[in-house]
Amino acid sequence: MTGEAIVFWITAILSVFGAVGMVISRKAVHSALWVAFTMINLAILYFSLGGAFLGTTQIVVYTGAVMMLFLFVLMIVGVDSSDSLIETIKGQRIVGTILALAFGALLTSAITSTGFKTATGLSEVNGAEGGNIQALAQLIFGRYLLAFEVTSALLITAALGAMVLAHNERWAPRKTQAQLQRERTLGGHPTPLPSPGVMALNNSVDTPALLPDGSISQESLPRIFQSTGQPDHDSNNEVTS
């Protein structure tokens, strides 16, 4: 076995393993990570076959950009396993399974009925077009231009859908820094109220704090401990109502 065959079998097995892990994972974040793992193995396959540009694009664009976008959307929206297992349409799993099997059968029949010519090698194909990048450009912007544009529109639609799902409607204008500061200083205490027991002999939730002039700050107590009248304090600085 040559080195290329060894790389193929290792990366192919890992790619299938990652694809199966993506399907059977119950959490959407784990599924996205499995897809990223599969894409990295596919990039290694492209490098081993001499497609350096395609392998780099697989890592930079799909693994580094598209999959990270999926992960950010999942973290913002907060999709968990309980959400993914709820059927919004009754019987959609059965219909999805039937369609998946039908698509697999159609794909298998199309591949088996297609006649393949003798492989000429990537170097010969690239040489005829002037290089690997030139050959890809000829296919993307020539024969497969329509499929390329449809895929681009699909990715743009997915990005817009993610922004719509993550958007929170604001019913009131955002408060400015000046408004927030004005609200903090409108009351009688521009600074935060002292906690119970501050400067007192007893540090308890029912012991009022003492102000710098020695008077009791009844507002430092929780409402359930506040008395209706002016509280008095004894030698232990305790409230007696």
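The values are calculated or read from the model by the stated rules, or taken from the named source; none is laboratory data. Everything numeric in this text was worked out from a predicted model, so none of it was measured. Positions of Cβ are backbone-derived with ideal geometry, glycine not excepted, and every protein chain shown enters the neighbour counts.
Out of Thr38, Thr2, which single residue is in contact with a helix residue (DSSP H, G or I) (Cβ under 7 Å, 6 or more places away or on another chain) and either among the hydroxyl-bearing types (Ser, Thr, Tyr) or modelled with pLDDT of 90 or more (or both)?
On the way: Thr2 fails: in contact with a helix residue (DSSP H, G or I) (Cβ under 7 Å, 6 or more places away or on another chain).
Selected residue: Thr38, the only one of Thr38, Thr2 that is in contact with a helix residue (DSSP H, G or I) (Cβ under 7 Å, 6 or more places away or on another chain) and either among the hydroxyl-bearing types (Ser, Thr, Tyr) or modelled with pLDDT of 90 or more (or both).
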Note to self: Please count how many residues of the stretch 96-127 are exposed (fewer than 10 other Cβ atoms within 10 Å of the Cβ) and modelled with pLDDT of 80 or more.
What the structure shows: 4
Checklist line | Residues of the stretch 77-92 satisfying the condition of being at pLDDT 65 or above, within 25 Å of the chain's Cα centre (by Cα) and outside any loop (DSSP other than H, G, I, E, B) | finding: Val77
Notebook entry, point to check: Are there any pairs with C-beta distances below 7 angstrom linking a residue in the stretch 143-158 that is farther than 13 Å from Val66 by Cα and outside the structural domain of Val66 (by TED's automatic domain parsing) to a residue that is surrounded by 10 or more Cβ atoms within 10 Å (Cβ to Cβ) and at pLDDT below 90, with the two at least 6 apart or on different chains, and if so which?
Noted result: Phe148/Ile140
Next item on the list: Could you tell me whether Ala128 is in a helix (DSSP H, G or I) and under 28 Å from Ala52 (Cα atoms)?
Entry: yes
Next item on the list: Could you give me the residue pairs with C-beta distances under 6 Å whose first residue belongs to the stretch 37-48 and is free of Cβ contacts under 8 Å to residues at least 12 places away in the same chain, whose second residue is in a helix (DSSP H, G or I) and surrounded by fewer than 20 Cβ atoms within 10 Å (Cβ to Cβ) wherever it lies, and which are 6+ apart or on separate chains?
Entry: Phe47/Gly55
Notebook entry, point to check: Can you name the residue in the stretch 128-140 that is touching a helix residue (DSSP H, G or I) at 6+ places or on another chain (Cβ under 6 Å) and in contact (Cβ under 8 Å) with a residue 60 or more places away in the chain and, of all such residues, is surrounded by the fewest Cβ atoms within 10 Å (Cβ to Cβ)?
Noted result: Ile133
Margin query: Out of everything in the stretch 147-169 that is among the β-branched types (Val, Ile, Thr) and modelled with pLDDT of 85 or more, what residue ends up being farthest from Leu136 (Cα to Cα)?
Written below: Thr157
Note to self: Quick check on the stretch 166-188. Is at least one of its residues over 30 Å from Phe72 (Cβ atoms), in contact with a Ser or Thr (Cβ under 8 Å, 6 or more places away or on another chain) and of a type in the set (Ser, Thr, Tyr)?
What the structure shows: no
